[in-house]
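Asks: Let me give you the structure first, and then I'll get to my questions.
The numbers here are math on the coordinates, done by the rules we state, and not lab data. Owing to the predicted nature of the structure, the values given are computational and were not obtained by experimental measurement. Positions of Cβ are backbone-derived with ideal geometry, glycine not excepted, and every protein chain shown enters the neighbour counts.
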Amino acid sequence: MITPLKGIRVLDLTNVLAGPFCCHQLAHMGADVIKVETRGSGDLARQLGADPELNKRHMGVSFLAQNAGKRSITVDFKKPGGKAVFRKLVQTADVVVENFRPGVMNRLGLGFEALKGDNPRLIYCAISGFGQEGPLRDLPAYDQIIQGMSGMMSITGAPDTAPYRVGYPVADTVGGITAAFAIAAALANRERSATMIDVSMLEAAMATMGWAISNLLIAGKQAQPLGNENGTASPSGTFATGEGLLNIAANKQEQFEAVCRVVGRPELIADARFAERQGRLQHRYELKALLEDAMVTKSAEEWWALLGAQGVPAGPVYTVPQALAHPQIASREMIGEFKDVPGVGRDIRVVRTGIKLDGAAPKVDTPPPTLGQHTDILLTELGYTPEQIAQLKTEQAV
């Protein structure tokens, strides 16, 4: 297994999703990720998920999904002893990742300016809703707030149903992957000094919106909600079949012509309404109705095979269980399994990164940690004696 970040230590101070997802990627790349958590409660995600019993145990599904391969230490930043422990950890680390509101770490005396004195090569990554500056910097923000304010929701859904939120926390996830990319880039700088990375979830989300923003900035055309239709090509969208829905993306002329031949309607190729790209866009719903009439004779799976054989991008619309059960996912080692996980009491399965390095899917060896599971081990590594560790616990600093 290639582990490009082997030997890199990351202190993960984050909660819920954007930050934990960032550090989840780094752990799978080989980094030693230490989750620095609040005494007693830890990451809020420990209490979130579809299994109430696991939430009570502080091993919620939301936590399990993003924290495999990490070690956990509990620290109280408000206690002098806790601050001292954290600053010792910083001296051993390459990266600190936090997603508190801007200013919180500074008020604790643990912000970037303070910590770079402890570690002149420290990479400090702060993830927040709106960034470390600007008129909205102090406001709280979760995924749905960012989805709404980015314009993403305004173009999601059909004309009569928008705005809709995307069905999973895409802004959190994009914020996390953006932070991981920035950290990896900073680590690649051989001449680096202390580096401050400021990740705005709002900006990260908007950076991924592609044509929805570029068409407005460059062409002056505002994006509209189109449901399952593709605004740039036709036939391109979701089509009803004899059984199930099928996505087709016939973005090229030859793909459009292949669709017509495959469904048994070759005369549509020369139809004046559809012969050229712009005409197909203007008459997209007429073309869609004609194609769907022809596609009632077979299932989505059957049409998928026929269209794929002719080079037309297509695919069935699956449920999450169907997607997870597909042989393609199994063949790519996308799902990791941990046996009899402490704090959970049973086996769990979690998704990995979606990356392969030299043919192998990056993986971690250890399951998500229980709260504070590695506190004593890490304190010993830092040079604390058993008596000092006992005193820190008495003081409730760790």
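Asks: Measure nothing fancy, just the Cα-based angle from helix 80-92's long axis to the longest principal axis of the chain, in degrees from 0 to 90, nearest 10.
Replies: Compared with the principal axis, the helix lies near 60 degrees.
Asks: Given N residues in region 236-317, what is Rg(Cα) / (2.2 N^0.38 Å)?
Replies: Computed over Cα atoms of region 236-317, the ratio equals 0.97.
Asks: With no solvent and one equal point scatterer per Cα, compute the Debye intensity ratio I(q)/I(0) for region 297-340 at 0.13, 0.14, 0.17, 0.32 Å⁻¹ and report its log10, rounded to two decimals.
Replies: After summing over all Cα pairs, the log10 values are -0.41, -0.47, -0.62, -1.07.
Asks: May I ask you to derive the relative contact order of region 1-156, considering only C-alpha pairs under 8 Å and at least 6 residues apart, and to give it as an integer percent? Let's see the in-between values first.
Replies: Details: 252 pairs, mean separation 32.0, N = 156.
It rounds to 21 percent for region 1-156.
Asks: How much length is gained if the chain between Gln328 and Asp358 is pulled fully straight, taking 0.36 nm per residue apart and subtracting their Cα-Cα distance, in nm to one decimal?
Replies: On the way: separation 30, 0.36 × 30 = 10.80 nm, distance 1.81 nm.
Additional length available on full extension: 9.0 nm.
Asks: For Cα pairs less than 8 Å apart in space and 6+ apart in sequence, what is the mean separation divided by the residue count of the chain, i.e. the relative contact order in percent?
Replies: Values: 734 pairs, mean separation 75.4, N = 398.
The value is 19 percent.
Asks: Hey, what number do you get for the chain at 222 nm if only DSSP H runs of n ≥ 4 count, each worth -39500 (n - 2.57), divided across all residues, to the nearest 500?
Replies: Numbers: 18 runs with 150 residues, N = 398.
Mean residue ellipticity, 222 nm, calculated: -10500 deg cm²/dmol.
Asks: Tell me the relative contact order for region 103-200 as a rounded percent, counting alpha carbon contacts under 8 Å between residues six or more apart.
Replies: On the way: 111 pairs, mean separation 37.8, N = 98.
Here the relative contact order equals 39 percent.
Asks: While we're here: Want the number for Ala305 to Val104: 0.36 nm per residue separation, take away the alpha-carbon distance, what's left? Can you show the working numbers first?
Replies: On the way: separation 201, 0.36 × 201 = 72.36 nm, distance 5.49 nm.
Working it through step by step, the gained length comes to 66.9 nm.
Asks: Related question: Fewest to most neighbouring Cβ within 10 Å: what's the order for Ile213, Ile377? Intermediate results must be reported in sequence, preceding the final value.
Replies: Working: Ile213 15, Ile377 11.
Placing the least packed residue first, the sequence is Ile377, Ile213.
Asks: Using θ = phi - 60° and the Karplus relation 6.51 cos²θ - 1.76 cosθ + 1.60, list the HN-Hα couplings for region 57-74 in order, rounded to whole Hz, with x at every Gly or Pro.
Replies: So the J values, rounded to whole Hz, are 7, 6, 9, x, 4, 4, 6, 4, 5, 10, 10, 5, x, 9, 10, 10, 10, 9.
Asks: By how many degrees, 0 to 90 and rounded to 10, does the Cα axis of helix 253-262 deviate from the longest principal axis of the chain?
Replies: The two axes meet at around 70 degrees.
Asks: Only Cα pairs within less than 10 Å get springs; with that Gaussian network setup on the chain, which residue of Val259, Val33, Val95 has the largest fluctuation?
Replies: Taking springs between Cα atoms under 10 Å, the residue moving most is Val259.
Asks: Let me ask something else about it. Any chance you could give the angle, 0 to 90 degrees and rounded to 10, that helix 284-294 forms with the longest Cα principal axis of the chain?
Replies: 80 degrees
Asks: I'd like the antiparallel share, as a percent to the nearest 5, of DSSP beta bridges with both residues in the chain.
Replies: Numbers: 13 of 35 bridges.
Here the antiparallel bridges make up roughly 35 percent for the chain.
Asks: At Thr3 and Thr238, where each label point lies 7 Å from the Cα along Cα→Cβ, what is the point-to-point distance in nanometres?
Replies: Distance between label points: 4.2 nm.
Asks: Give the lysines whose C-alpha is closer than 17 Å to that of Lys288, dropping any in the same chain fewer than 8 places away, or say none.
Replies: Partners found: Lys252, Lys298.
Asks: Which of these, Gly279, Gly231, Gly372, has the largest mean-square fluctuation under a Gaussian network model of the chain (Cα springs below 10 Å)?
Replies: Greatest mean-square fluctuation among the candidates belongs to Gly279.
Asks: For the chain, what number results from the quotient of the Cα radius of gyration and 2.2 N^0.38 Å?
Replies: Numbers: Rg = 25.2 Å, N = 398, 2.2 N^0.38 = 21.4 Å.
Scaled against compact globular proteins, the figure is 1.18.
Asks: Another question about this same structure. What lysines could a cross-link reach from Lys35, if we take a straight Cα to Cα line under 26 Å and drop same-chain neighbours fewer than 8 places away?
Replies: The qualifying lysines are Lys6, Lys56, Lys70, Lys78, Lys79, Lys83, Lys88, Lys116, Lys339, Lys356, Lys363, Lys393.
Asks: Quick one: if you take sqrt(5λ) for each eigenvalue of the C-alpha gyration tensor of region 1-130, what semi-axes come out, biggest first, whole angstrom?
Replies: Details: eigenvalues 107, 69, 34 Å².
Working from the Cα gyration tensor, I get semi-axes of 23, 19, 13 Å.
Asks: Now a separate question. Name the residue, out of Met29, Met105, Met59, whose mean-square fluctuation peaks in a Gaussian network model built on the chain with Cα pairs under 10 Å.
Replies: Met105
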